[in-house]
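Every number here is computed from the coordinates shown, using simple stated rules; none is lab data. Only a predicted model underlies this, so the values are computations on that prediction, with no experimental measurement involved. Positions of Cβ are generated from backbone atoms using ideal geometry, with glycine treated the same way; all protein chains shown enter the neighbour counts.
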Amino acid sequence: MKTLYIVRHAKSSWDHPHLDDIDRPLNKRGEKDAPEMGRRLKTRGIFPDLMVSSPANRALTTCKTIAKALDYPEDAININDQVYHAGENRLLKVVQDTDDTWLSLMIFGHNPGFTDFANSLANTRIDNIPTCGVFACTFDVQTWEEVDFGKGSLLFYDYPKKGKK
């Protein structure tokens, strides 16, 4: 059994138009939402074996914030350039290339690729994984290479505004 957590980066700032897209930081809401989602994941008892992040500042900051909440060592985070603005096929390849010693993988990146990827994996119809949203699914497989579209089972789907009025 393998478990995949797909985490879209927290809300980013557009306050500095001179910054390259990859360098954009989190805004105030993102700085608030990331630790909140980390707390929620910890409450669920989620402690991933491996965290992989896009190199984008907003994704990596979200990853580091959640890693801290889950007591995951920051120096163990794998930064993977292939995740930056990846489509579902490239994301699938990243997952399939994961070492089989890891039972659970948490990946941090971007839309629209993450929403498309989640929907294809578990045959779900989520319109949009919002910023700092977490889509979790399991796969009844022995190796990451066996993970494929349509083979996932939705475990849970959560995001900062869920349950709030």
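Near T43, within a Cβ-to-Cβ distance under 13 Å, what is the net charge of the other residues, with Lys and Arg +1 and Asp and Glu -1? Before the final figure, lay out the partial values.
Numbers: positive: R39, R40, K42, R44; negative: E36, D158.
Net charge around T43: +2.
Build a GNM of the chain with springs between Cα atoms under 10 Å: which of D148, D33, D23 gets the top mean-square fluctuation?
So, out of D148, D33, D23, the one fluctuating most is D23.
Please give me the summed charge of the neighbours of G152: other residues whose Cβ is under 15 Å from its Cβ, Lys and Arg +1, Asp and Glu -1. Provide the component values of the computation, followed by the final result.
Values: positive: K2, R125, K151; negative: E88, D116, D140, E145, E146, D148.
Once positives and negatives cancel, what remains is -3.
Just grab the label-to-label distance for D23 and M1, each label 7 Å out from Cα along the Cβ direction, in nm (one decimal).
It works out to 4.5 nm between the two label points.
Take the cross-link list K2/K32; K28/K151; K28/K68; K2/K28; K2/K161; K32/K151 and give me the ones stretching past 25 Å between alpha-carbons.
Details: K2/K32 30 Å; K28/K151 37 Å; K28/K68 18 Å; K2/K28 34 Å; K2/K161 28 Å; K32/K151 34 Å.
The pairs that break the limit, which is 25 Å between Cα atoms, are K2/K32; K28/K151; K2/K28; K2/K161; K32/K151.
For the chain, what does the helix formula give at 222 nm: sum of -39500 (n - 2.57) over DSSP H segments with n ≥ 4, over the residue count, nearest 500 deg cm²/dmol?
Working: 4 runs with 48 residues, N = 165.
That comes out to -9000 deg cm²/dmol.
Measuring from label point to label point, each 7 Å out along Cα→Cβ, what is the R125 to L154 span in nm?
Taking the simple label geometry, R125 and L154 are separated by 1.1 nm.
Fully extended, how many nm does the chain gain between K93 and D81 (0.36 nm per residue separation, minus their Cα-Cα distance)?
Numbers: separation 12, 0.36 × 12 = 4.32 nm, distance 1.27 nm.
Going from the current span to full extension adds 3.1 nm.
For the chain, what does the relative contact order come out to in percent, with C-alpha contacts under 8 Å and a separation of six or more?
On the way: 345 pairs, mean separation 51.2, N = 165.
Dividing the mean separation by the residue count of the chain yields 31 percent.
Give me the percent relative contact order of region 40-124, please, defined on Cα pairs under 8 angstrom at least 6 residues apart.
Numbers: 108 pairs, mean separation 31.0, N = 85.
After rounding, I find 36 percent.
Compute the helix-to-body angle for 113-122: its Cα long axis versus the longest principal axis of the chain, expressed 0 to 90° and rounded to tens.
30 degrees
For region 114-129, list residues with backbone N below 19 Å from a point placed 7 Å from the Cα of W14 toward its Cβ?
128-129
Would you tally the net charge around N80, using a Cβ to Cβ cut-off of less than 14 Å, leaving N80 out, and scoring K and R as +1, D and E as -1?
Working: positive: R90, K93; negative: D81, D97, D99.
So the environment of N80 carries a net charge of -1.
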